[in-house]
Amino acid sequence: MGVAVAQVSPPTGSRVHYLNESYGIKSWLFTTDHKRISLLYLGSITVMFFIGGFAALLMRLNLLEPAGAIVQPETYNKLFTMHGIIMVWFFLIPSIPATLGNFLVPMMIGARDLAFPRLNLLSWYIYLVGAGFTLYALISGGVDSGWTFYTPLSSIYLTTHVLSAATGIFITGFSSILTGLNFIVTIHKMRAPGLTWFRLPLFIWSMYATSVIFVLATPVLAITLLLVGLERLLHVGIFDPAIGGDPVLFQHLFWFYSHPAVYIMILPGMGVISELVTAFARKRAFGYKAIAYSSMAIALLSFLVWGHHMFVSGQSVYAGVVFSALSFAVAIPSAIKVFNWTATLYKGSISYQAPMLYALGFIGLFTMGGLTGLFLASLAVDVHVHDTYFVIAHFQYIMVGGAVMAYLGGIHFWWPKMTGRMYPDLWARFAAFVIFIGFNLTFFPQYILGYLGMPRRYAMYPPEFQALNVLSTAGASILGIGYLIPFVYLIWSIRYGPEASPNPWKAKGLEWEHSPSPPPKDNFEDVPVVTEEAYAYATSEPARV
Amino acid sequence: MAEPLVPVRTYTMVFVALLALAALTTGLAYIDLGPFNTVAALAIAAAKMLLVALFFMHVWYKPGLTRIVILAAFFWLSLLVSMTLIDVFTRNWTPQPTGWLPGS
Amino acid sequence: MSDIAPASGALVGASDLPSTAADLHHQFEEIEQQRDAGNMGMWVFLATEVLFFGGLFTTYTVYRSLYFAGFEVGSHLLERPFGAAMTFILLGSSFTMALSIHAIRMGRRKLLCALLLLTIILGAIFLGIKFNEYAEKWHEHLVPGLNFHPTPDQLRGAPGDAVDLFLCFYFFMTGLHALHMIVGIGLLSVMAIRAWNRSLSQANYQQLEVSGLYWHFVDIIWIFLFPLLYLIGGPR
């Protein structure tokens with residue numbers, strides 16, 4: 001994708017911007033321009049998304065038959081492991097931060113780049129090296145530990161390529177850490193004159209909160225994977241029950257990172273939704289401060305609830321009670337956001353372009369996913385549905401129905417800014433509908449399956465579950481087609497789409513109002529001075545292309 | 001550049017204090033103080049850390065943001081330690097079942 | 001150190017470093033902003049290191065509370081004099097590191113290089129003692145996983161598994177620390193070269209400051225490792 005963009009003829013006549021200011025593969029591979037780096041990431045994570053998606057496709061095909069339709073159980077174990085690893089670490093976690101975040105954080109705050117542009121490029125290369133190790137694990141036979149690497153299975157008993165996969169994830173973790181570090185310093189130190197904290201776009205608040213989590217949680221994952229790797233290499237380790245080690249301790253360390261990680265995956269999406277809802281309702285955000293504070297509250301509270309993944313692990317009941325109570329608390333800031341978005345929509349001047357369709361889909365689906373999270377936070381209910389498809393449906397509603405839809409909505413919204421081209425609106429709306437329908441058809445039956453008792457990570461199931469599984473697989477096929485449609489027209493639009501004006505949505509924000517589409521290499525002619533609040537929409541004139 | 005120049009005298013005094021504390025903690029380890037051995041060792045280590053951070057790393061002379069960053073790191077670490085220990089220390093408070101049947 | 005003037009508290013001597021300012025990178029508006037951002041970046045990085053080592057400290061805490069007797073015996077298998085010596089050496093290297101910042105602000109190039117060299121040497125001595133300790137442990141057959149055959153004399157009644165666990169922590173924690181020291185020595189070597197060929201100056205020493213922060217942090221880790229590994233319990 002990087003090569004295609006570099007060869008396009010300047011869409012705005014002879015105007016020079018960041019895409020055409022230099023040509024050639026070296027100008028891309030050695031760039032320190034945050035905008036180009038965001039596109040490098042966009043290409044890489046799209047590749048990983050389709051690999052992880054392909055694993056999911058094979059899983060769903062296998063589940064058409066109760067006895068497993070197309071693969072052996074050992075292979076199935078590898079499929080769900082690779083699907084999880086790739087989707088979590090190589091797609092969801094970097095998705096919005098490394099693409100939209102990298103592109104927009106400097107632009108939204110009126111800076112010419114991030115604080116550490118070379119670190120930014122380094123973090124992309126680190127991502128690639130990590131992806132390389134993980135894909136090596138995939139090609140050389142796969143890993144079957146589950147994406148959660150529970151010990152002692154992963155550290156002692158498995159003979160698959162746990163070490164390469166763990167190494168890949170360990171390396172990629174540093175990519176996250178550097179991105180988070182970059183964002184934190186940039187947001188603190190490089191805001192334009194007049195841009196006080198409470199005038200920042202809510203997307204920046206959510207990127208800031210996400211970066212805090214990146215920086216504080218990821219190192220714990222790093223040390224945990226290091227310990228598992230050492231245990232595999234040296235055949236002794238601190239999680240080995242044979243010498244008194246505690247496998248549950250691994251889970252504590254793992255989930256201390258991985259629960260905040262799920263907030264890394266959703267917070268940026270929430271930031272995108274705040275931008276989309278305000279732009280397409282032509283209204284300032286209702287409860288701006290509440291939304292900003294709730295992002296920070298999520299960043300803190302997300303670290304207090306990890307034990308809810310461990311209710312049936314042998315963890316103490318008293319710890320379980322504490323984690324359960326705190327898990328109810330962490331739902332509150334998320335709910336606050338949903339209320340505020342809804343209130344923003346109320347009496348707004350709403351238009352239904354594709355980004356808004358994704359945003360509306362997000363609000364509904366995220367709410368459903370979030371509410372089912374509360375079911376899981378209740379100790380007694382969780383004992384029944386732990387490790388069933390209910391859990392899967394819960395997190396898929398949030399990750400796919402939430403995060404991926406927010407990601408697609410954001411990509412569509414900022415596409416004209418990033419590429420200078422518009423995509424075909426009707427195809428975009430059609431794809432949004434297909435995705436919404438395919439998604440619900442895939443994952444709603446899984447709530448029922450889980451409640452009825454179908455375990456997760458099983459290659460086969462009792463025959464009475466077949467109808468729901470077939471429904472789910474049908475939905476997955478529709479969802480897959482739905483994802484392919486934007487892939488096609490977005491790439492098409494780079495060459496053949498109509499040129500975009502600087503602000504096709506008539507949206508507020510420095511990236512829209514102070515810079516052409518696409519922006520010049522240095523983002524702005526002159527450094528903007530901010531004098532108004534965020535989302536200071538004057539009229540209720542609807543957004544139009 | 002706006003930072004004040006820390007005098008050599010300050011650095012020297014801090015260094016001497018550090019050496020003294022290191023000697024103290026080593027010496028205390030040869031005396032049996034029961035559980036207080038651990039408390040003393042950690043307290044002395046914390047004091048040494050503060051001296052290095054405040055004066056060698058200039059945190060004493062820095063604005064609040066630097067302090068918030070460090071405090072946040074230690075606070076978050078304390079969450080990891082404390083909540084893990086809540087589990088480890090209370091696991092034996094309820095009887096552990098040995099099987100699936102009631103009464104086992 | 002003979003040029004220390006106690007009255008003024010600053011090092012006196014001719015300044016022989018140029019005062020050329022650092023290059024202003026294009027994303028910053030002012031040099032002060034650039035310097036601020038660089039410092040904050042290093043502090044945020046150190047915060048990540050706190051959590052990185054912190055994961056190890058957490059597991060250490062759990063196992064120490066579960067297997068105190070074994071940990072105590074394990075700790076007594078380590079040589080306290082060596083541990084103390086390493087502590088003094090590292091504290092000394094932090095002192096010389098702090099003084100080197102002072103030197104560059106005074107523009108004293110040769111003194112700066114000498115101090116950096118001294119810091120590096122002290123770090124190298126530390127590593128020498130550490131690797132010597134590792135070799136000792138190998139000869140005593142006390143390396144978990146690879147060469148672990150403790151004698152009853154060494155175990156003194158404590159369960160071998162718990163001592164095994166303790167030594168795992170000993171090697172992992174000090175090994176990770178040693179790795180960080182090696183990186184630190186590399187960093188300071190680069191700083192020493194840059195100090196020598198005048199790339200650093202009174203107006204342009206942020207890299208040195210930031211390297212110093214890293215070095216002090218590695219010292220702080222050892223400040224905790226020493227009592228936690230070498231000084232468990234009372235006398236033998």
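What follows draws every value from the coordinates through simple rules; no lab data is involved. These numbers come from a predicted model, not from an experiment. Note that each Cβ is placed from the backbone with ideal geometry, even for glycine, and that neighbours are counted across all protein chains shown.
A few remarks follow.
- Hits in the stretch C:185-207 - residues which are surrounded by fewer than 24 Cβ atoms within 10 Å (Cβ to Cβ) and part of a helix (DSSP H, G or I): C:ILE185, C:GLY186, C:LEU187, C:SER189, C:VAL190, C:ALA192, C:ILE193, C:ARG194, C:TRP196, C:GLN206, C:GLN207
- Any hit, the stretch B:15-35, residues being charged (D, E, K, R) and more than 7 Å from chain C (Cβ to nearest Cβ): no
- Count - residues of the stretch B:4-19 that are part of a helix (DSSP H, G or I) and out of contact with any Pro (no Cβ under 7 Å at 6 or more places or on another chain): 11
- Listed by position, the helices (runs of 4 or more DSSP H) inside the stretch A:79-151 whose residues that are within 20 Å of the chain's Cα centre (by Cα) and free of Cβ contacts under 8 Å to residues at least 40 places away in the same chain number at least 1 are A:117-139.
- Residue match in the stretch C:168-182 (condition: part of a loop (DSSP other than H, G, I, E, B), in contact (Cβ under 8 Å) with a residue 40 or more places away in the chain and either crowded, with 19+ Cβ neighbours inside 10 Å or not β-branched (Val, Ile, Thr) (or both)): no
- The residues in the stretch A:234-245 that are in contact with a Leu (Cβ under 7 Å, 6 or more places away or on another chain) and not in a loop (DSSP other than H, G, I, E, B) can be counted, and the count is 2.
- Test: residue in the stretch A:278-300 that is without any contact (Cβ under 8 Å) to a residue 12 or more places away in the chain, within 14 Å of another protein chain (Cβ to nearest Cβ) and either over 19 Å from the mean Cα position of the chain (by Cα) or in a helix (DSSP H, G or I) (or both): yes
- If you check C:GLY233, C:GLY212 for being part of a helix (DSSP H, G or I) and at the interface with chain B (Cβ under 10 Å from one of its Cβ atoms), only one passes: C:GLY212.
- The sole residue among A:ALA343, A:ALA299 that is under 30 Å from A:PRO247 (Cα atoms) and of a type outside the set (S, T, N, Q) is A:ALA299.
- Qualifying residues in the stretch A:216-229 (those that are facing chain C (nearest Cβ under 7 Å) and touching a Gly at 6+ places or on another chain (Cβ under 8 Å)) - the one farthest from C:THR48 (Cα to Cα): A:THR224
- Positions within the stretch C:28-82 being crowded, with 23+ Cβ neighbours inside 10 Å, more than 8 Å from chain A (Cβ to nearest Cβ) and polar (S, T, N, Q), in sequence order: C:SER75
- Whenever a residue of the stretch A:484-501 is of a type in the set (Phe, Trp, Tyr), its partners that are in a helix (DSSP H, G or I), lying with C-beta atoms within less than 8 angstrom and at least six residues away or across chains, give the pairs A:PHE487/A:THR46; A:TYR489/A:TRP427; A:TYR489/A:ALA428; A:TYR489/A:ALA431.
- Total residues in the stretch A:301-331 satisfying the condition of being in a helix (DSSP H, G or I) and either over 14 Å from A:GLY373 (Cα atoms) or among the acidic types (Asp, Glu) (or both): the figure is 9.
- Among the residues of the stretch C:74-82, not a single one is within 23 Å of C:ARG194 (Cβ to Cβ) and among the polar types (S, T, N, Q).
- Looking across the stretch C:87-121, the residues that are at the interface with chain B (Cβ under 10 Å from one of its Cβ atoms), of a type outside the set (Ser, Thr, Tyr) and within 14 Å of the chain's Cα centre (by Cα) come down to C:PHE88, C:LEU90, C:LEU91, C:GLY92, C:PHE95, C:MET97, C:ALA98.
- Of all residues in the stretch B:88-104 being out of contact with any Asp or Glu (no Cβ under 9 Å at 6 or more places or on another chain) and surrounded by 15 or more Cβ atoms within 10 Å (Cβ to Cβ), the one that is farthest from the other protein chains (Cβ to nearest Cβ): B:PHE89
- Helices (runs of 4 or more DSSP H) contained entirely in the stretch C:38-139, each with at least 1 residues that are closer than 21 Å to C:GLY184 by Cα: C:80-106, C:109-139
- Residue check for A:PHE254: within 21 Å of the chain's Cα centre (by Cα), within 11 Å of chain C (Cβ to nearest Cβ) and touching a residue at least 40 places away in the same chain (Cβ under 8 Å): yes
- In the stretch C:100-142, the residues that are surrounded by fewer than 22 Cβ atoms within 10 Å (Cβ to Cβ) and among the small types (Gly, Ala, Ser): C:GLY107, C:ALA114, C:ALA124, C:GLY128, C:ALA135
- Test: residue in the stretch C:141-158 that is within 14 Å of chain A (Cβ to nearest Cβ) and at positive phi: yes
- Considering residues of the stretch A:343-358 that are out of contact with any Ser or Thr (no Cβ under 9 Å at 6 or more places or on another chain) and in a helix (DSSP H, G or I) only, the residue farthest from A:PHE430 (Cα to Cα): A:ALA343
- Answer from B:LEU85, B:LEU42 - the residue that is loosely packed, with under 15 Cβ neighbours inside 10 Å, facing chain C (nearest Cβ under 8 Å) and out of contact with any Lys or Arg (no Cβ under 6 Å at 6 or more places or on another chain): B:LEU42
- Failed condition for A:THR196, given (1) among the hydroxyl-bearing types (Ser, Thr, Tyr); (2) out of contact with any Pro (no Cβ under 9 Å at 6 or more places or on another chain); (3) within 14 Å of chain C (Cβ to nearest Cβ): (3)
- Here A:THR224 meets each of (1) farther than 25 Å from A:LEU100 by Cα; (2) surrounded by fewer than 24 Cβ atoms within 10 Å (Cβ to Cβ) with one exception, condition (2).
- Matching residues, the stretch B:50-78, being among the aliphatic types (A, V, I, L, M) and more than 10 Å from chain C (Cβ to nearest Cβ): B:LEU54
Each row is one residue, and each column tells you yes or no for (1) in contact with a helix residue (DSSP H, G or I) (Cβ under 9 Å, 6 or more places away or on another chain); (2) of a type outside the set (Lys, Arg); (3) crowded, with 24+ Cβ neighbours inside 10 Å.
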position	(1), (2), (3)
A:LEU202	yes, yes, yes
A:MET207	yes, yes, yes
A:SER211	yes, yes, yes
A:PHE214	yes, yes, yes
A:VAL228	yes, yes, yes
A:ARG232	yes, no, no
A:GLY237	yes, yes, yes
A:ASP240	yes, yes, no
A:PHE250	yes, yes, yes
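- Out of A:SER176, A:SER206, A:SER164, one residue alone is more than 13 Å from chain C (Cβ to nearest Cβ), among the hydroxyl-bearing types (Ser, Thr, Tyr), touching a residue at least 24 places away in the same chain (Cβ under 8 Å) and out of contact with any Gly (no Cβ under 8 Å at 6 or more places or on another chain). It is A:SER164.
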